[in-house]
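Participant: Okay, here's the structure, questions in a sec.
The values are calculated or read from the model by the stated rules, or taken from the named source; none is laboratory data. Small disclaimer: the values here were computed from a predicted structure and weren't measured. So basically every Cβ, Gly included, is an ideal-geometry build from the backbone, and we count neighbours across all protein chains shown. Side chains included, ligands, DNA and RNA excluded: accessible areas come from the protein's heavy atoms. Shrake-Rupley method; radii C 1.70, N 1.55, O 1.52, S 1.80 Å.
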Amino acid sequence: MTVCLAQFVIGTVIIGTTGTFIWLYKSSYLHTNPSKKRVIIFSRYPRPGSAKTRLVGELGTYGAAAAQRLMTEHLLNRVIGFLSVNDAVQVELQYSDGSADEVKYWLDRRQSCLPQFWCSPQGAGHLGARMSAAFSKAFSEGNDSAVLVGSDIPGIDSAILAEAFRSLEEGSKVMTLGAATDGGYFLVGLKRDSQKDLGSLFEGIQWGTAEVYQQQIQVARAHNLRVHTLSKKLQDIDTPEDLPEFEDKVGISLKELKAPVLSVIVPTYNEEDSIRSTLDCLVSNIRFPRYAEIIVSDGGSTDQTRKLVKEFAESCTACKVVLVDSPKGRGNQLNNGVKHSSGFNLLFVHADTALPRAYDSHVMVTLAEPGVVCGAFEFALDVLETEGTDINHSKDSNHHRDPVSTIFKYKLMALVWFTNRRARKHELPYGDQALFMSRRTLDAVGGFPEYRLMEDYAMVKNLQRLGHIKIVDGAKAITSARRWRKHGLVKVTGFNRIVVILYNLGVHPDTLAGWYYGWFR
């Protein structure tokens, strides 16, 4: 317990120091690299029920909110690409319908990598008043030109942003507009010399109608502004009829938004004692079996594991169960299981772990939260849960029926508490907690490292660069306590911590695997 407490304190100090460094770096950057250009993105926090409401009938509340989130993130990726060759440009995302804490959780990992990117709330009033306030803020903060875009136009790319800024350099008193296919506009750019006109430049516009673009041109000319129209006309995403454009540009199918299939990947190697109960639990506790599949990725078992899986697959009518052969090693087996899967979301479950009821719903809701790239369940041990949750049920595994001493239970309770605290505080769950993520996210980090050990730890570290890892409150992944019962709490937990330390010091995971599996034969 003392070791766990010390690790917690050290981790807290490291994270706090890192956060301070990032803040100082961003402050230093903005003072030493004054930008003269700014990209302003108008977006809405993707809250189910209030985001993209005209798409709810087609996609549902969660699907419509996901569309809003995905389009904003898609645009941010495009803008980041623009910044790679225009590093002096600032980017400000102005949001509505979300608190500062919600937006920070959603986008803070992106902000930490880009000192010239930050978020702030939109101003008050109608759309025109908010646009005027955004430009006024940009010019008052020292920018010579600014371009404002909406987040629901997935066709915006680096070339369009470059053209917009070039057009603003062609003389004075210029307004740049990007025409939208519905009669509105997707981009507006201004220079500082139009600042005195901002009070009325976006007034008298019938927002939300097919006349917006033409009305804006008339108002601009009334203020003696020369209007430059961008070479491309783009489509925004407001109605179900616009969704093919979303699929084409964002690369996400409507099927994924409406009813994403969940693929459950189970790596096995000589798991005859537990695999049947694990599969029974996966099938009985799923809420929507029609939208799920189970892939058992076997690493060459020499016991009855493969036979048991085949028998289960033949008898299961609730969902598809498939056995695939893989090279031995959990990282290899997980990646090979993914190759044989078809789901949009992926859930990785150890063969000695039982998941909670409606675990598929937990996966869908958790991954829908803005900022979350991966989730996991609370850590739990079968000997501490109610009867009937013991993972090992083979007649040859009699150790699980032996009574557990009260002192040993208290030790295990401390282990569970510290494990869950570490997982939440540092967003660092392990594979025992059943990691889940979208296929896109897995592809973004290049899959699991194909190690024999530490593949889950390395994966979580990679994922932390993309976003947050959330632990599902009140939903437990109950894993077998067989290792701790067989080898003892101090030996197993102590060696696990030593392995993590050695890994962080640069020892290769395959070398660690040789020591680990040799120690726990």
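Participant: Pop out the carbon and sulfur fraction of the accessible area of the stretch 396-521 as a percent, whole number, probe 1.4 Å.
Facilitator: Accessible surface attributable to carbon and sulfur in the stretch 396-521 totals 56 percent.
Participant: Sticking with this one: Loop only per DSSP, at most 14 neighbouring Cβ atoms within 10 Å: give me the trypsin sites (Lys or Arg not before Pro) in the stretch 299-338, ordered by residue number.
Facilitator: Of the trypsin sites (Lys or Arg not before Pro), the ones in loops of the stretch 299-338 whose Cβ has at most 14 other Cβ atoms within 10 Å are 328.
Participant: Another question, if that's okay. Note the full-extension length gain between residue 288 and residue 303 as 0.36 nm times their separation in residues minus their Cα-Cα distance, in nm to one decimal.
Facilitator: Here the answer is 2.2 nm.
Participant: Just the number, please: carbon plus sulfur as a percent of the accessible area of the stretch 275-392, 1.4 Å probe, no ligands or DNA/RNA counted.
Facilitator: C and S atoms contribute 50 percent here.
Participant: Would you mind telling me the share, in percent, of accessible area of the stretch 120-215 contributed by carbon and sulfur at probe 1.4 angstrom?
Facilitator: The computed percentage sits at 52.
Participant: Compare the peptides 146-155, 117-126 by average per-residue count of other Cβ atoms within 10 angstrom and give them in order, highest first.
Facilitator: Ranking the peptides 146-155, 117-126 by packing returns 146-155, 117-126.
Participant: Multiply the residue separation of residue 318 and residue 248 by 0.36 nm, subtract the distance between their alpha-carbon atoms, and state the gained length in nm to one decimal.
Facilitator: 21.9 nm
Participant: In Å², what does the accessible area per residue of the chain work out to with a 1.4 Å probe?
Facilitator: In whole numbers, the chain has 45 Å² accessible per residue.
Participant: For the stretch 417-516, just say rounded, prolate or oblate: build the C-alpha gyration tensor, square-root its eigenvalues into a ≥ b ≥ c, call rounded for a/c under 1.5, and beyond that prolate if a/b exceeds b/c, oblate if not.
Facilitator: oblate
Participant: Another question, then. Scattering from the C-alpha atoms of the stretch 33-125 alone, worked out with Debye: what is log10 I(q)/I(0) at q = 0.17 1/Å?
Facilitator: Values returned for q = 0.17 Å⁻¹ are -0.75.
Participant: Please report the spacing between the Cα centers of the stretch 170-211 and the stretch 277-300 in Å, no decimals.
Facilitator: 54
Participant: So, one more: Find the relative contact order for the chain and round it to a whole percent, using C-alpha pairs within less than 8 Å whose residues are 6+ positions apart.
Facilitator: 13
Participant: While we're looking at this one, here's another question. Going out from 0 in 5 Å bins, what whole percent of all Cα-Cα distances in the stretch 206-301 drops into each bin?
Facilitator: Calculated over all Cα pairs of the stretch 206-301, the distribution is 2, 9, 12, 11, 9, 9, 8, 7, 6, 6, 5, 5, 5, 4, 2, 1, 0 percent.
Participant: Follow-up question, since we're still on this one. Based on Cβ point charges of +1 for Lys and Arg and -1 for Asp and Glu, what charge dipole magnitude is obtained for the chain about its Cα centre, in debye rounded to the nearest 20?
Facilitator: Roughly 1120 debye, rounded to the nearest 20.
Participant: Under the definition of Cα pairs under 8 Å and six or more residues apart, what whole-number percent is the relative contact order of the stretch 131-282?
Facilitator: 24
Participant: Within the stretch 34-63, whose backbone N sits under 17 Å from a point 7 Å along Cα→Cβ of residue 258?
Facilitator: 54-63
Participant: Moving on. Measure of size requested: the Rg and Dmax of the stretch 120-246, with Cα atoms as the atom set and Å as the unit; please supply both.
Facilitator: Calculated on Cα positions, Rg and Dmax stand at 14.0, 41 Å.
Participant: Then there's this: How many angstrom separate the Cα center of the stretch 332-357 from the Cα center of the stretch 437-511?
Facilitator: 15
Participant: Right, next: Using 20 Å as the Cα-Cα cut-off, could you pick out the over-long pairs in 425/470; 411/491; 137/191; 52/232; 36/191; 37/137?
Facilitator: Pairs exceeding the cut-off: 52/232.
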